[in-house]
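All remarks here apply to the structure that follows.
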């Protein structure tokens, strides 16, 4: 049983020394022949990093601010499917720090978290992401994959990330001929509760977990959303348009900004804020 320190937010990973590797396209290609339980390797490819490689499109790529992220470090990209439909990618940098970082999702997303993987591989981590066994292509809270698919809900709830960790470690060991010295998981929101679920159900998967803003009370959050939607429908006169919402925020900030002793446009001491919208 491993022990974990619970972290309330995402932080900056410490810089770790990397071990240089020469490019080896043949070794990356050999991973296509790797035999893993209930898993098929669909594709392997070498990303040269020169010129910088643009991450693929997807829900997470479109959510990230600014232009599409790029990766300028070489790595081996492995795409695989576990069981029927749990898609996973593992990225293996040439300059590896001997560590593995699994990354989480957000909302109800069924998509690979390419921005988080890009950040991990640029920091020399071998990294992996999963779509959790379903596909969403519009937004993080797309829910049409749920009805009639009980197994998808179970996979989303805990199995997909566990299986991702197991298979990613197998791929890492096969590629580098060396197991990862340490394994970490990082995620926020749904990724946060995925991390806590890993710690509770599968404590041997990771040595450390960074669980940011974990959305752990799904029943409560869903019920709250239903109540708010019903109230907005029953009393439309109480719904705020964009102008009213902006006015409300500006008034609250003006009233409570200085509560922490610094006027910076932020309410950094919300529990001391006594703003009355009326």
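Just so you know, all these numbers are worked out from the coordinates, no wet-lab data involved. From a predicted model like this one, the values you see are computed outputs, not experimental measurements. Note that each Cβ is placed from the backbone with ideal geometry, even for glycine, and that neighbours are counted across all protein chains shown.
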> At q = 0.13, 0.21, 0.29, 0.32 Å⁻¹, what is the log10 ratio I(q)/I(0) for region 122-162, with the Debye formula run over Cα points and no solvent?
Replying inline: -0.35, -0.71, -1.04, -1.15
> Based on the Cβ-Cβ distance from residue 272 to residue 79, what FRET efficiency comes out when R0 is 41 Å, to the nearest 0.05?
Replying inline: 0.25
> According to the Kirkwood expression over distinct Cα-Cα pairs, how big is the hydrodynamic radius of region 14-162, in Å?
Replying inline: 16.0 Å
>> I need to check one value: relative contact order of the chain, counting alpha carbon pairs closer than 8 Å and at least 6 residues apart, in percent.
In response: 17 percent
> What ranking of 62, 152, 167 emerges when the number of other C-beta atoms within 10 Å of each C-beta is taken as an exposure proxy, fewest first?
Replying inline: 62, 152, 167
> Here are some values of Cα extents along the principal axes in Å: [x] 60, 43, 31; [y] 80, 40, 39; [z] 68, 47, 41. Which one was computed from this structure?
Replying inline: [z]
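What order do you get for 198, 101, 85 when you list them from fewest to most C-beta neighbours inside 10 Å? Could you put the intermediate results ahead of the total?
Numbers: 198 25, 101 29, 85 17.
So the residues, fewest neighbours to most, are 85, 198, 101.
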> Sorting 130, 197 on the 10 Å Cβ count, fewest up front, what's the list?
Replying inline: 197, 130
